[in-house]
Amino acid sequence: MFSMLFGIIAIFFINSWSVSFCSIIVLILISMLSFNQYFFNTMNYIFMYNNISNLLIFLSIMLIGLCFISTPENKKSRYMSCLLSLLFILVLVFSVNNVLLFYIFFEASLIPTLLLIVCWGYQPERLQAGSYMMLYTVRASLPLLMVLLYWSYNEGSFMIILSDTCKYNMYQSMYFIIYLAFLVKLPLYSCHLWLPKAHVEASLAGSMILAGILLKLGGYGLIQMNYIFNISGDKSFFLIFIMSLSIWGGLLSSLMCLRQVDLKAFIAYSSIGHMALVIVGILNDQVWGILSSIITMYAHGLSSSALFCIAYFSYMKVRSRSLMHMKGLLQIYPMIAFFWFLLCSVNMAVPPTLNLMGEMFIIPSLWSLSNMFIIVMGLMIFISGVYNMFLYTSINHSMYSKHMLLGIPLSSSQYISLLMHLFPMVLFLKMDLFF
């Protein structure tokens with residue numbers, strides 16, 4: 001962990017794009033070594049080592065590296081500093097053992113993300129989208145700070161590992177305040193309006209980081225709050241209401257994908273549907289549900305980032321994100337159509353991808369709640385297949401527009417970016433990796 005933080009700080013003083021990229025590759029290899037079980041015995045009062053935090057740190061470093069690969073035309077120092085500062089904050093928020101520092105870095109991750117939207121976005125409404133994101137997330141998380149300070153006062157320490165979860169049944173009356181900050185971040189349906197706006201206005205790197213990593217901060221925060229306060233899994237009315245709203249909202253967001261015209265908004269609503277299963281799995285607090293949520297977060301982080309990449313690459317060819325104008329790519333750019341087929345298949349959870357494993361493992365957790373949850377999830381899976389097939393056929397089939405200009409094919413960096421997204425999603429990871 002110290003080597004990773006030292007490496008990130010050292011990159012700040014390097015202005016060379018190639019040296020920074022090679023350093024990120026080294027950080028990816030170091031983070032992969034942290035999955036070794038001997039590292040888990042090394043725990044102190046500053047950093048917390050477990051499989052979930054190590055997996056998300058690996059995902060953060062990998063996606064930041066893929067941002068560098070996907071945007072080789074942008075090598076300015078301010079752009080590199082923004083991405084590297086975000087990486088530094090993410091490594092800390094996924095590894096820190098201090099609850100106050102966890103909250104500070106959790107909120108600090110919004111600042112580089114806001115800069116990616118406002119400074120490098122290519123739409124005129126990006127200031128409004130940034131304001132939506134800040135208002136939704138900051139307002140929802142401020143009451144959580146009061147609860148965390150009250151908890152640390154009673155506990156006598158800010159350290160998460162020293163918390164005693166047995167004597168704090170009083171916090172069960174604070175479900176709404178404790179969970180709200182992370183449910184908005186995921187986001188929970190009815191608190192999701194900021195996400196499509198932010199995705200539509202963000203640059204490629206902003207969309208990749210927002211969908212690939214920052215949504216996972218909400219799931220990781222829910223897991224941490226369950227560990228601290230021990231308030232999940234009791235089948236109370238409020239928890240059942242949140243889980244019901246989540247899975248019903250996932251069904252509605254899946255239906256809303258079928259009426260989207262903007263390609264990035266289409267992918268954003270698809271992400272809301274996938275994150276609904278993560279909320280249910282974590283709040284139900286069973287082994288199968290937690291395992292499913294972790295696998296889904298990891299798989300969705302790669303698949304959604306890859307979808308935004310291929311959407312941007314297609315936009316550079318067509319100069320439009322409208323599904324009404326983006327047609328017939330199979331006739332002009334067959335390799336782009338091939339990657340659209342692979343990514344749509346992964347997004348609809350075909351075997352042998354991790355998305356399928358995440359959806360299968362959530363079934364026992366839903367079965368313990370109600371048969372209605374199984375029915376709604378079955379409808380979600382069916383509609384997911386429908387809108388992914390609709391997305392692929394509407395983009396790649398039919399006659400291409402006469403206003404579409406023929407351009408150069410995909411570059412080598414774009415091929416590498418898409419393949420590096422796909423490779424970790426197809427291979428099944430070891431089951432003990434997620435525990």
Quiz item: How much length is gained if the chain between Ile104 and Arg319 is pulled fully straight, taking 0.36 nm per residue apart and subtracting their Cα-Cα distance, in nm to one decimal?
Solution: 73.5 nm
Quiz item: For region 99-252, what is the convex hull volume of its Cα atoms per residue in Å³?
Solution: 105
Practice problem: Between beta-carbons, use under 13 Å as the cut-off and find the net charge around Phe182, counting Lys and Arg +1, Asp and Glu -1. | Solution: +1
Quiz item: Of the cross-linked pairs Lys185/Lys317; Lys76/Lys264; Lys185/Lys327; Lys264/Lys317, which ones have a Cα-Cα span greater than 22 Å in the structure shown?
Solution: Lys185/Lys317; Lys76/Lys264; Lys185/Lys327
Quiz item: Gain in length, Phe176 to Ile240, computed as 0.36 nm per residue apart minus the alpha-carbon separation, to one decimal in nm?
Solution: 21.8 nm
Quiz item: Between Met399 and Leu149, what length comes free when the chain is fully extended (0.36 nm per residue of separation minus the Cα-Cα distance, one decimal in nm)?
Solution: 84.0 nm
Exercise. May I ask you to derive the FRET efficiency for Tyr415 and Trp248 from their Cβ-Cβ distance with R0 = 56 Å, giving the value to the nearest 0.05?
Key: 0.90
Quiz prompt | Protection proxy ranking, peptides 209-221, 276-288, average beta carbon neighbours within 10 Å, highest first | solution = 209-221, 276-288
Quiz item: Which distance in nm do the two modelled labels at Phe338 and Ile111 give, with both placed 7 Å along the Cα-to-Cβ direction?
Solution: 4.5
Practice problem: Would you mind telling me the share, in percent, of accessible area of region 238-342 contributed by carbon and sulfur at probe 1.4 angstrom? | Solution: 71
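The values are calculated or read from the model by the stated rules, or taken from the named source; none is laboratory data. Since the structure is predicted, the reported quantities are computational estimates derived from the model, not experimental observations. Using ideal geometry, Cβ is built from the backbone for each residue, glycine included, and neighbour counts are taken over all protein chains shown. Calculation scope for accessible area: heavy atoms of the full protein, side chains included, ligands and nucleic acids excluded. Shrake-Rupley method; radii C 1.70, N 1.55, O 1.52, S 1.80 Å.
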